[in-house]
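Input: a single structure, listed below in structure tokens.
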There are 2 protein chains.
Amino acid sequence: MTSQAQTSTRRDELLAIAAELFATKGFKNTTVRDIADAAGILSGSLYHHFDSKESMVDEILSSFQEELFGKYAEIVAGDADPRAKLDAAVRVSFEAIDRHRNEVAIFQNEADYLGTFERFAYLADRNQQSRDVWHALLNEGVSSGALRQDLDIELVYRFIRDTVWVAVRWYRPGAKLSHTDIANQYLTILLDGITS
Amino acid sequence: MTSQAQTSTRRDELLAIAAELFATKGFKNTTVRDIADAAGILSGSLYHHFDSKESMVDEILSSFQEELFGKYAEIVAGDADPRAKLDAAVRVSFEAIDRHRNEVAIFQNEADYLGTFERFAYLADRNQQSRDVWHALLNEGVSSGALRQDLDIELVYRFIRDTVWVAVRWYRPGAKLSHTDIANQYLTILLDGITS
DNA sequence: GTCTATAGACCGATAGAC
DNA sequence: GTCTATCGGTCTATAGAC
């Protein structure tokens, strides 16, 4: 293994430690000393790896979002029927919560605040991109007759988006219910309601 | 009007200004100078009215929660049928978002962090109390036959709680959809689903 | 009730030794 | 790649004048 690979591994370790803290305590509320302490080094040493605290959260968020939106794009471009596409998009989202809990939590909690800086303008773009994906899936569903005609699409989009992502607040990998169980129950409620 | 009442009014003004900032920028990310600036005074002058920044957020949260849980208690104790009670609890919650946007936002964003201090231990109690209310309403619904038997009550509770309260992120009073419109659409989805 | 002035702590970031 | 040492800035909170 080259020293290049070693460096890259160490960077990733530090980013993972930072992500855990940003997700738990918040970006502003996490100090570089917190991150360094958790990594067993001193705060000044972090600046050998990263320009600033902002660079760390930037790297964490942008690499995660690239992965997630790649998956959404595949679903939208696919040729499954509308209901199956909606199903797949919901499942991919709960899977992202399972695999990238910290990244999702940071995006949920900090996007509004970070978005005020030019550096993080791409966060607003991603939000718009996400809205486009869900609107497309819901409109396909309505025009194909799979979904009710009387729905306010924008409102349904918000309910789906919010309910899916907010699960990151309580979901813990390895708990009684897997992310697949949760997606199943959630899709049942969303599609058919809770009345008997 | 007595000087007592004047003092109380000024306190309330300052609390409202602080609540707006805490809700928008976050508690930790709002400085006492921010609050003072918005009020047109200097930061030191705030300490004539309040012990600390923590006291401000404490007062904001506790008085709001007292009001909200009073309403939940009335609904639970009432003699409406299970479905009407569930309906009422959802409507009261969206109404709270309409009337106390900042307070709800602060609770949503900061409860986890603030809850780590003894002073805010009551936040965890309120969470448990909320869980009890919704579980009671949902269990009544299932045993009366109004709701499906195959629901995971804890999961349904979380979905309702999350979806209702997270609306504070995008709901703005005076927008196209009133809080009643939103409650209507939300109850439709929750009760009957989005499929045709 | 607000101001002036400042204490004391903590913050992000840097320079240079090892 | 980490440490020592520290700078300049900002934070909450206080003391006392007006």
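Brief remarks follow.
- Using a 7 Å Cα-to-Cβ projection, A:Ser143 label spacings across copies, nm, ascending: 4.9
- Angle between chain B longest axis and helix B:179-192 axis [Cα atoms, degrees, rounded to 10]: 30 degrees
- Folded to 0 to 90 degrees: helix B:121-143 orientation relative to chain B principal axis, Cα: 20 degrees
- Note that the range A:45-60 has calculated 3J(HN,Hα) couplings of 5, 4, 7, 6, 9, 9, 5, 6, 5, 4, 4, 5, 5, 4, 4, 4 Hz, one per residue in order, obtained from phi through the Karplus relation 6.51 cos²θ - 1.76 cosθ + 1.60 (θ = phi - 60°); glycine and proline are x.
- Annotation for A:Thr24, label-to-label distances across the other copies: 3.2 nm (shortest first, one decimal, point 7 Å from Cα along Cα→Cβ).
- Pairs of Cα atoms nearer than 8 Å and 6+ residues apart set the relative contact order; for the range B:1-79 it is 24 percent.
- Cα pair count fraction exceeding 18 Å, expressed as % - the range B:1-50: 28 percent
- Couplings for the range A:99-110, taken from phi via the Karplus curve 6.51 cos²θ - 1.76 cosθ + 1.60 with θ = phi - 60°, read 8, 9, 3, 5, 4, 4, 4, 4, 4, 4, 8, 10 Hz in order; Gly and Pro are left as x.
- Here each label is just a point 7 Å from Cα along the line to Cβ, and for B:Arg11 and A:Ala38 those points are 3.9 nm apart.
- Averaging Cα coordinates gives a centre for the range B:44-71 and one for the range B:119-196; these two points are 26 Å apart.
- Percentage relative contact order, chain A, counting C-alpha pairs under 8 Å, at least six apart: 23 percent
- Highest mean first, the peptides A:179-189, A:109-119 sorted by other C-beta atoms within 10 Å per residue fall in the order A:179-189, A:109-119.
- Using a 7 Å projection from Cα along Cα-to-Cβ, the label point at B:Asp181 is separated from the same position in the remaining copies by 3.9 nm, smallest value first.
Just so you know, all these numbers are worked out from the coordinates, no wet-lab data involved. Computed from a predicted structure; not experimentally measured. With ideal geometry, Cβ positions are generated from the backbone for all residues, glycine too; neighbour counts draw on all protein chains shown.
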